[in-house]
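Working notes, structure below.
The values are calculated or read from the model by the stated rules, or taken from the named source; none is laboratory data. Values in this document were obtained by computation on a predicted structure and should not be read as measured data. We work out accessible area using only protein heavy atoms, side chains counted, and drop any ligands, DNA or RNA first. Shrake-Rupley method; radii C 1.70, N 1.55, O 1.52, S 1.80 Å.
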Amino acid sequence: MLTIGTRPSLADGIALGLIATGAVSVGIGAIVAVAQAAGALFSPSPTVPMPVHDVDLAALDGVAGIDAATVETALVTFTSPPTGARWLLLLETALPALATIALCAVVWWLGVSLIRSRPFRASLGWMFGAAACLLIAGTLFGQLVGGIGRAEIVRDLAATAPDVEDVLWTLLLQFDLAPVGWAFALALVAGVFAIGRRLQRDTEGLV
């Protein structure tokens, strides 16, 4: 176990404790969000945001300064969507939440390590690396399964009402790549901890 020579000051300890506590709170919030999403999706009549196309927002017709207005998303309440689609939509929330929980766990452990003057624990490097992988997989796969889940709902509706495809997208996948950039930053942090641990071990060997 590699340690540094001095303990953090009282102010630093309080700040680190608040950061660690905040990370735990965010992780708990992610778990609660998944539970709420599960309750909503598996209710008798779930409401799901659905991407739409070629739908004008008539409420803004004639408003000065507005040439045209369209709707991209509609909150649709379904009577009995397919069970498979419900699970896919739940994964859309659960997978990014898992990545958030992993990141919060790493932040908490880093805060505790700094308070104990042990910032270069061997576990921190691989924990940051694992959090980076989960961030990429969780966010991208979450967006993918969400799009597939909505496509399943549209396909089920189109079996009895083909005109629904004129309003709802049959399949629309939209990826937000910002989490990928954050994941590369976390991977870099993992490398910093690995290098820092090696340098400190080499330095202690020279003393």
Helix-derived [θ] at 222 nm for the chain: sum -39500 (n - 2.57) over DSSP H runs of at least 4, divide by residue count, nearest 500?
-23000 deg cm²/dmol
On alpha carbon coordinates alone, what is the Rg over Rh value for the chain, Rh being the Kirkwood radius?
1.16
The range 157-178-the range 87-116 distance, computed between alpha-carbon centres (Å):
31
Any idea what angle helix 178-206 forms with the longest principal axis of the chain, computed on alpha-carbon atoms, 0 to 90 degrees, nearest 10?
10
For the chain, report the accessible area per residue in Å² (1.4 Å probe, heavy atoms, rounded to an integer).
59
Once you've got the GNM for the chain with C-alpha springs shorter than 10 Å, pick whichever of Leu57, Leu140, Leu18 has the biggest mean-square fluctuation.
Leu57
Which one, Ala69, Ala151, Ala59, has the greatest fluctuation when you compute a Gaussian network model over the chain with C-alpha springs under 10 angstrom?
Ala59
If one takes the longest principal axis of the Cα atoms in the chain, at what angle in degrees, from 0 to 90 and to the nearest 10, does the Cα axis of helix 122-158 lie?
0
Ranked by GNM mean-square fluctuation in the chain (Cα springs under 10 Å), the top entry among Pro162, Pro179, Pro96 is Pro162
Using θ = phi - 60° and the Karplus form 6.51 cos²θ - 1.76 cosθ + 1.60, what ³J(HN,Hα) does each residue of the range 57-71 get, whole Hz, x for Gly and Pro?
8, 5, 5, 9, 5, x, 6, 4, x, 10, 7, 7, 9, 10, 10
For the chain, find the longest principal axis of its Cα atoms and tell me its angle to the long axis of helix 10-41, 0 to 90°, nearest 10.
30
Which far-off residues, 5 or more places away or on another chain, put their amide H under 5 Å from the one on Val76, with H placed in the peptide plane?
Val48, Met50
Interatomic Cα distance distribution for the range 1-100, bins of 10 angstrom, percent
12, 23, 21, 19, 13, 9, 3, 0
